[in-house]
Amino acid sequence: MKRSYNIDVDCANCANKMEVAAKKTEGVKDAVVNFMTLKMKVEFEDGADVEAVMKNVLANCKKVESDCEIFF
Amino acid sequence: MNKKQKKMLLRIIISAVLMVILHFVKAEGWLKLALYMIPYLIIGYDVLLKAFRGIKNGQPFDECLLMTIATIGAIVLGITGSGDYVEAVAVMLFYQVGEWFQSYAVGKSRKNISELMDIRPDYANIENEDGTLEKVDPYDVEIGDIIVIQPGEKVPLDGTVEEGTTSVNTSALTGESVPRTLRPGDRILSGFINMTGVIKVRTEKEFDESTASKILDLVENASSRKSRSENFISRFARIYTPAVVIAALLLATLPLLYELLIVKTSPDLGKWTYRALNFLVVSCPCALVISIPLSFFAGLGGASKSGILIKGSNYLEQLAGTETVVFDKTGTLTKGVFEVTAVHPDIIDGEELLHMAAHVERYSLHPIAVSLKKAYPNEHDDCEVSYAEEITGQGMKAIVNGKEIYVGNSGLMDSIGVEWHPCHHQGTIIHVSMDGVYAGHIVISDVIKENAREALESLKKSGIRKTVMLTGDNRNVAETVSRELKIDEFHSDLLPEDKVMKMEEILEGKEKGIVAFVGDGINDAPVLSRADIGIAMGAMGSDAAIEAADVVLMDDDPRKISKAIRISKKCLRIVYENIWFAIGVKILCLILGAFGLANMWMAIFADVGVMVIAVLNAIRALFVRDL
C-alpha cells in the first residue's frame, strides 16, 4: 500500500537524511522524500499498521533532523 | 517570506550591526569575549541547541554540531591566543545567511513553479433557474451538469460545448499561444482560458479527472522520480561529511604527532587546530545537495509550460542522452487523415471526375469516401444518385445522372473489364470508370505534416544520430515519406507485434545511446513502454496516451520533440555545472585550508557563495521559452 504525506523540512540534505531514516524503519518497504514539493511517499509492507509505522518513521526522522515534521 | 524566515532575517541584521558596532568598541579580555558572545548567541543559539540534540541522538556528523565545534574552537583559540572573536561570530553569521538564502530561494522557486502551474480555477459557474450565475466548488460539479464559462475565466472541467462560440487560449496545456475557436459539439478541456464569448459546457469528467488536475498531478509527481545525478549527489553527500570530519581529525592530530615525535619540535597546537576547524566549516554539502533537485524541478516546470509533460526527473535526464528516435508514421509524421493529392482525368476534366466520384461515395463512410467528399464539398447538389452499391474490398458503384460509374481499386477495374493505367504518384490510387470507359484516377495520400520536415532537421541539429520510421503502411508510401523527411531507416508493412520486435532489434543494436519512440499513444502502448523513452504526441484529452508514455506532448507538433531534447540538455548542463563548481570549490577550500592559505572567513564565504551561485544557476533551467 502506498501513501503520500506532506512534510516540512528546512534543507535538502536533511530531506535526504529523512529518506534514509524512513527507509530503515520497520514496516516500510520503500520511501521517497521530495524536497521540492515537500512530500514523502511511503510504500508499506503487507499487513503493516500504517499509523504505528508512521509514528516510528517520524521518530526516526526526528533523530537525524530535529526540525522536521510529517503530517499524518 | 514566511514567519520563520522573517525572524531569521531580523537576527542576521541585528547580529551584523552589532558586529560592526563592536569593531569600534575598545574592550579587552573577558569583557571583549562577553560582548562578542551577544551577537554570537543571537545568531547561533538554534544551531547550538540542535548540536546538543545531535549529540544526544548519537549523530556525530550533524552539520550543526560541526559548525558549533568549529566556532567554539575558534573562540577558544581566541581566548588562548589571538583575542580575535570576530571570526567565530562571522562564521556563524555567514552560515546562517547561507541557510536563510537556501530557504528563501527554494521557497521562491516553489512559489514560482506553482504559479506557473496555476491552471485550475477554484470555482465553476452554474446557472440558476432565474438565470443568475452561482459560483460553486468545482469538486461538487457532477458529470453531465451544465456549467457556464464567461470571457476571461479559466475552464474548470473537461466537457463538450453545448451553446455558444468562443475562442480559447490553450497555452497552459500546449504552450501554444495561437487561440482556438470552439463551437457547439467541440471538446473543451480544463486549463484552457476562455477569451471572447460566453459558453455553456456539458461536463464529461469530474474535477480530479479533468485534464488540468491530471497535468498538475503529473508534474508534481515527476520530481519524485529521481534522476541518476540526484541519487549520485545523495550518496556523495552521505560520504562527504564523515570523510571531511575524519580528515579534520587527522589534520588536527597527525601533523602534531609528526612534529612531536619525528621532528621533535614543540607543536603549534593553535595552527593545526585552526586548520582542522576550517575543514569542519566546509564539511556541509548543502550547496551541492540543494542545487541539483532544484535544477530538475525548474526544468520540469519550464517544460510543462511549453506543453511538454515529462513524467520524471530521470526521463528529463535521459532525454539529453537520446541518440536514436523511432517514429510511428501515421498520425505522428503524417496527419493521419487521407487527402486527395492528385487528380489525373482521361476523358473529362479533373473537377468533373472528382464530382462524379464524390457522388458515388455519397452514402459511404469509408475513409477514402470521406477524403473524396472533402475534396468536392458541393456533393449535395441536384445530381441524381441511385443504386449505390459497395463491392467489398474493391470499391463502390452507383448510377449518377443515368451513367453507371465505378470507383475503386485496380481489382475493381479488372473485374468489370475496364483497362486502367497505373500512376507514378505514391499513395492509394482510386480508379474511375464511366459506362465501361476508363475515366482516369484520383490519388489519395496521407499527407505529411507541414512542420515534420523542420522537426526532423531540428532533431538532427540537436544531436540525434539516427532516425527510424515504423509503419503498417506499404513499402512505397513508407519510402516516399522517408525520403521526403530524410529519415535514416524505415520499416514498412508492420503489424503491431512486428513493431515491438523491431523496437527490440533497435534496442539491442544501438551503440550506446538512448532510444526514444514517438507515437500517438493509443495503439502504440507496447512500443512506448519498450523504448527507453516513450513519447506520446497529441495527447491533449487522451488519457490513454498520458498513461502510456514517459513524455507527453500535449499538441501534435513534431517540433516539440527536439524542443524537449533541448530543454533536457540545458537542464543537464546546468546540473553538471553545479556539480563540478560546488565540488571543485569545496576541494579547493580544503586544500588551501590544509596548507594554511585560507582562513575561516574565506571558507564560510566560499561555502555560502557557492550555494548562492549554484541556486541561481539552477533557476535558469526554468527559462525554456526560446529554446
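How many angstrom separate the Cα center of the stretch B:416-444 from the Cα center of the stretch B:581-622?
If we compute the Cα centre of each part, the gap is 76 Å.
Taking each pair of distinct Cα atoms in the stretch B:415-536 once, what is the resulting Kirkwood hydrodynamic radius in Å?
On the way: mean 1/r = 0.0597 Å⁻¹.
With all distinct Cα pairs of the stretch B:415-536 included, I get 16.8 Å.
If I take every Cα pair under 8 Å that is 6 or more residues apart in the stretch B:378-514, average their sequence separation and divide by the length, what percent do I get for the relative contact order? Could you put the intermediate results ahead of the total?
On the way: 179 pairs, mean separation 17.9, N = 137.
Here the relative contact order equals 13 percent.
Return the FRET efficiency for the residue pair B:ASP493, B:HIS366: r is the Cβ-Cβ distance, R0 is 25 Å, and the value is rounded to the nearest 0.05.
Plugging the Cβ-Cβ distance into 1/(1 + (r/R0)^6) gives 0.75.
Of B:ILE348, B:PHE581, B:ASN451, which is farthest along the charge dipole of chain B in the positive direction, counting Lys and Arg as +1 and Asp and Glu as -1 at C-beta?
Of the options given, the answer is B:PHE581.
Could you pull out the GluC sites (Glu not before Pro) across the stretch B:377-412 that fall in loop regions by DSSP (anything but H, G, I, E, B) with no more than 13 other Cβ atoms inside 10 Å?
B:GLU384
Work out, step by step, the length gained on full extension between B:HIS425 and B:ILE21: first 0.36 nm times the residue separation, then minus their alpha carbon distance; give nm to one decimal.
136.6 nm
Kindly provide the chymotrypsin sites (Phe, Trp or Tyr not before Pro) of the stretch B:519-627 that DSSP labels as loop, not H, G, I, E or B, and whose Cβ sees at most 16 other Cβ atoms within 10 Å.
B:PHE595, B:PHE623
Could you work out the relative contact order of chain B, using alpha carbon pairs under 8 angstrom and six or more residues apart, expressed as a whole percent?
On the way: 1178 pairs, mean separation 88.8, N = 627.
After rounding, I find 14 percent.
Can you give the Rg/Rh ratio of chain B, where Rg is from the C-alpha atoms and Rh is the Kirkwood radius?
Working: Rg = 35.0 Å, Rh = 29.9 Å.
For chain B, the value is 1.17.
Kyte-Doolittle cut-off 1.6, length cut-off 27 Å along the helix's own axis using Cα: show which whole DSSP H helices in chain B pass.
Span-like helices, by this rule, are B:600-619.
Antiparallel DSSP bridges in chain B: what percent, to the nearest 5?
75 percent
Assuming R0 = 41 Å, what is the FRET efficiency of B:ILE14 and B:THR80, from their Cβ-Cβ distance, to the nearest 0.05?
0.90
Which pairs, out of B:LYS397/B:LYS499; A:LYS2/B:LYS214; B:LYS135/B:LYS205; B:LYS226/B:LYS460; B:LYS311/B:LYS563, put more than 25 Å between their alpha-carbon atoms?
In this structure, B:LYS397/B:LYS499; B:LYS226/B:LYS460 exceed 25 Å between Cα atoms.
Among B:HIS431, B:HIS491, which comes first, second and so on when ranked by fewest other beta-carbon atoms within 10 Å?
B:HIS491, B:HIS431
Thinking of the protein assembly as shown as a set of Cα atoms, what percent of all their pairs are more than 47 Å apart?
Working: 92801 of 243951 pairs.
Every Cα pair in the protein assembly as shown considered, those over 47 Å come to 38 percent.
Cβ neighbours within 10 Å, averaged per peptide: list B:98-107, B:542-551, B:7-16 in order, most packed at the top.
B:542-551, B:98-107, B:7-16
Kindly rank B:177-189, B:315-327 from highest to lowest mean number of other beta carbons found within 10 Å of each residue.
Put in order of decreasing packing, that is B:315-327, B:177-189.
When 1/r is averaged over all different Cα pairs and the result inverted, which Kirkwood radius in Å belongs to the stretch A:2-72?
Value: 11.6 Å, from the Cα pair sum.
For a label point 7 angstrom out from the Cα of B:GLU162 toward its Cβ, which stretches of the stretch B:193-207 have the backbone nitrogen within less than 18 Å?
Backbone N within reach: B:197-207.
What whole-number distance in Å separates the alpha-carbon centres of the stretch B:72-146 and the stretch B:201-242?
18 Å
With a 10 Å Cβ neighbour count serving as the proxy for reagent exposure, in which order, fewest first, do B:LEU157, B:LEU269 appear?
The fewest-first ordering by Cβ neighbours comes to B:LEU269, B:LEU157.
On full extension of the chain, what length is gained from B:PHE595 through B:ILE399, given 0.36 nm per residue of separation minus the C-alpha to C-alpha distance? It would help to have the intermediate numbers written out before the result.
Working: separation 196, 0.36 × 196 = 70.56 nm, distance 10.03 nm.
Extra length from B:PHE595 to B:ILE399 when fully extended: 60.5 nm.
Mark the label point 7 Å from the Cα of A:LYS41 along Cα→Cβ and return the residues of the stretch B:213-249 whose backbone N is within less than 13 Å of it.
Counting only backbone N, you get B:217-227.
Quote the FRET efficiency, to the nearest 0.05, computed for B:LEU133 versus B:MET1 with a Förster distance R0 of 41 Å and r equal to the Cβ-Cβ distance.
Rounded to the nearest 0.05, the efficiency is 0.65.
For B:LEU261 and B:ARG235 in the same chain, what is the full-extension length gain: residue separation times 0.36 nm, less their Cα-Cα distance, in nm?
Between B:LEU261 and B:ARG235, full extension yields 5.5 nm more.
Separation of the stretch B:285-336 and the stretch B:351-412 by C-alpha centroid, Å?
Here the answer is 48 Å between Cα centres.
Putting +1 on Lys and Arg Cβ atoms and -1 on Asp and Glu Cβ atoms, find which of B:ILE38, B:THR181, B:TYR139 reaches farthest to the positive end of the dipole of chain B.
So the residue furthest toward the plus end is B:ILE38.
Rule-based calculations on the coordinates, nothing more; no lab input. Quick caveat: nothing in here was measured; it's all calculated off a predicted structure. Note that we place each Cβ from the backbone using ideal geometry, even for glycine, and neighbour counts take in every protein chain shown.
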